[in-house]
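A.B. asks: Can you read through this structure? Questions will come right after.
Since every read-out is calculated from the coordinates, none of them should be taken as a lab result. Here the structure is a predicted model, which means the values were calculated and not measured. Because the Cβ atoms are built from the backbone with ideal geometry, glycine has one as well, and the counts that use them run over all protein chains shown.
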Amino acid sequence: MEVYLDNSATTKVFPEVAELMTKVMLEDYGNPSSLHFKGVDGENYIKKAKEQIAKVLKVQEKEIYFTSGGTEADNLAIIGCAMANKRAGMHLITTRIEHPAVLETMKYLEKQGFEVTYLPVDKYGQIRLEDLKAAMRRDTILVSVMHTNNEIGAVQPIAEAGVLIKSMNPRCLFHVDAVQGFGKCRIWPKKMMVDLLSVSAHKIHGPKGIGFLYVGEKVKILPINYGGGQQKGMRSGTENVPAIAGLGLATQMIYSGLEADVEYIYKIRETFVQGVSLMEGITVNGKSGKDTSCHVVSVSFAGVRSEVLLHALEDKGICVSAGSACASNHPQTSETLKAIGVEKHLLDSTIRFSFSVFTTMEEIEYTLQALREIVPVLRKYSRH
């Protein structure tokens, strides 16, 4: 049996998305900058994708810019806004549990002379609004807070943070990395006072290598790459039309039955949490129930190294993760787990299970049974 429980890393593409992309690649393959009918066909796919995304976010189509994914969207938002607004101030705010696409970008800006405040989080992985309020200054030009954490599923109080930021400094920009939150709940940037929003297609059953950045029309931002002037000069380079079309359709599809799908994934999650909680020596990190994201569960298995357990599960056809897939090429202790106060001996004994609409109850029961069999054996032979 093959069980895929690593949906925070990437998701299975909707069949309809794959079909559409194939059509674009084989039939409607024109360069959208070309003036002939093939080029117009390509341009129309881009326009439609913008319409589909803008409708879901309740924003204007002209406020959507396509990128190569969430990482580029984060880089463009943070570097682009920092450089465009540095005369107003050199102070930035983020959190200690951001994705590397944000944290590494902040480190780069620190080398350029910017000052960054890293907000702590509570034991559930959530920021405290009082900490954000205390960190805000007259020279704060950008706050970047992720919507949903990719390791433990913690959901941040984005709407409340937006109100706080704008009440204290109306000129300060608010960026949200919504790579894990988009497609799991309704997100309306304008209502939440969010100026910039990053999204990646492959987390919502779309293709890899494509994403978008929502940029409010009044936001002052500079491009970070230069070339032929595509996308109003904000992101030069020939547009990846097949992937853009796939992103648009995936967005439309995942939001068409959102509430029912999310309810189903919560049931999957709850069944798994209840089952794994019956085992000895385990800790489920973060909040439970509907106070956390529907699709991510972080579990620490005392006395078992995460890498060993991961491969033991793999032998039974079960795919999980020992942390963020984006950091897998550079193994290191999770900053998120350290930030929420996970005990030192559990830091390298934690596994992330993540679900999607394609996950079945049968797969959950199979995984729980596998854990009941594997974990006691691994503990028996562990060097801990």
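A.B. asks: Where is the GNM fluctuation largest for the chain (alpha-carbon springs, 10 angstrom cutoff): Arg171, Arg352, Arg87?
C.D. replies: With Cα springs under 10 Å in the chain, the top fluctuation among Arg171, Arg352, Arg87 is at Arg87.
A.B. asks: Among the listed pairs Lys267/Lys344; Lys58/Lys267; Lys86/Lys166; Lys190/Lys220, which are separated by more than 23 Å between their Cα atoms? If you can, show how the numbers build up before the last one.
C.D. replies: On the way: Lys267/Lys344 31 Å; Lys58/Lys267 29 Å; Lys86/Lys166 18 Å; Lys190/Lys220 16 Å.
Correct reply: Lys267/Lys344; Lys58/Lys267.
A.B. asks: Karplus couplings for region 299-310 from phi (6.51 cos²θ - 1.76 cosθ + 1.60, θ = phi - 60°), rounded to Hz, Gly and Pro as x?
C.D. replies: These are the phi-based 3J(HN,Hα) values: 10, 9, 10, 4, x, 10, 6, 4, 5, 5, 5, 4 Hz.
A.B. asks: Moving on. Over all Cα pairs of region 201-270, how is the pair count split among 5 Å bins, expressed in % and running from 0 up to the last occupied bin?
C.D. replies: Percent of Cα pairs in each bin: 3, 14, 17, 17, 17, 13, 7, 6, 4, 1.
A.B. asks: Let me ask something additional. Among (1) 66, 53, 35; (2) 85, 47, 41; (3) 178, 54, 33, which is the computed Cα extents along the principal axes in Å?
C.D. replies: Recomputing Cα extents along the principal axes in Å here gives the entry labelled (1).
A.B. asks: State whether region 161-240 is rounded, prolate or oblate according to the following rule on the C-alpha gyration tensor (a ≥ b ≥ c being the square roots of its eigenvalues): a/c under 1.5 gives rounded; otherwise a/b larger than b/c gives prolate, and the remaining case gives oblate.
C.D. replies: Working: a/c = 3.09, a/b = 1.23, b/c = 2.50.
Oblate, because a/c is 1.5 or more while a/b does not exceed b/c.
A.B. asks: How large is the direction-averaged shadow of the alpha-carbon convex hull of region 1-98, in nm²?
C.D. replies: Details: hull surface 42.5 nm².
Dividing the Cα hull surface by four gives the mean projection, 10.6 nm².
A.B. asks: Report, in listed order, any pair from Lys133/Lys184; Lys287/Lys316; Lys23/Lys55; Lys23/Lys208 with a Cα-Cα distance greater than 20 Å.
C.D. replies: On the way: Lys133/Lys184 28 Å; Lys287/Lys316 29 Å; Lys23/Lys55 24 Å; Lys23/Lys208 17 Å.
Going by Cα-Cα distance, Lys133/Lys184; Lys287/Lys316; Lys23/Lys55 fall outside the 20 Å limit.
A.B. asks: A follow-up question, please. Taking the Cα centroid of region 12-38 and of region 78-155, what is the distance between the two, rounded to the nearest whole Å?
C.D. replies: With region 12-38 and region 78-155 each reduced to a Cα centre, they are spaced 37 Å.
A.B. asks: Which residue fluctuates the most in the chain, going by a Gaussian network model with Cα springs under 10 Å, if the choices are Tyr366, Tyr226, Tyr45?
C.D. replies: Comparing Tyr366, Tyr226, Tyr45 in a Gaussian network model of the chain, the most mobile one is Tyr226.
A.B. asks: Moving on. According to the square roots a ≥ b ≥ c of the eigenvalues of the Cα gyration tensor, what is the shape class of region 74-114, taking rounded for a/c under 1.5, prolate for a/b larger than b/c otherwise, and oblate for the remainder?
C.D. replies: The shape class here is prolate.
A.B. asks: Pop out the ³J(HN,Hα) list for region 15-27 in order, Karplus 6.51 cos²θ - 1.76 cosθ + 1.60 with θ = phi - 60°, rounded to Hz; leave Gly and Pro as x.
C.D. replies: x, 5, 5, 4, 5, 5, 5, 4, 4, 5, 5, 9, 10
A.B. asks: Tell me which residues come under 5 Å, amide H to amide H, from Ile210 once H is placed; ignore anything under 5 positions away on its chain.
C.D. replies: Here the answer is Ala201, His202, since their amide H atoms fall under 5 Å of that of Ile210.
A.B. asks: Per-residue counts of other Cβ atoms within 10 Å, averaged by peptide: what ranking do you get for 258-265, 286-293, highest first?
C.D. replies: Top to bottom by mean Cβ count within 10 Å: 286-293, 258-265.
A.B. asks: In deg cm²/dmol and to the nearest 500, what is the mean residue ellipticity at 222 nm of the chain if only DSSP H runs of at least 4 residues count, each as -39500 (n - 2.57), divided by the residue total? Can you show the working numbers first?
C.D. replies: Working: 11 runs with 149 residues, N = 384.
Dividing the helical sum by the residues of the chain leaves -12500 deg cm²/dmol.
A.B. asks: Still on this structure, please answer the following. Provide the per-residue ³J(HN,Hα) series for region 173-180, in order, calculated from phi with Karplus coefficients 6.51, -1.76, 1.60 and θ = phi - 60°, each as a whole number of Hz, with x at glycine and proline positions.
C.D. replies: These are the phi-based 3J(HN,Hα) values: 8, 10, 9, 10, 7, 9, 4, 8 Hz.
A.B. asks: Among DSSP beta bridges lying fully in the chain, give the percent that are antiparallel, nearest 5. Mind dumping the intermediate values first?
C.D. replies: Values: 20 of 38 bridges.
Beta bridges within the chain, antiparallel portion: roughly 55 percent.
A.B. asks: Using a Gaussian network for the chain with springs between C-alpha atoms less than 10 Å apart, which of these wobbles most: Thr71, Thr105, Thr148?
C.D. replies: Thr105
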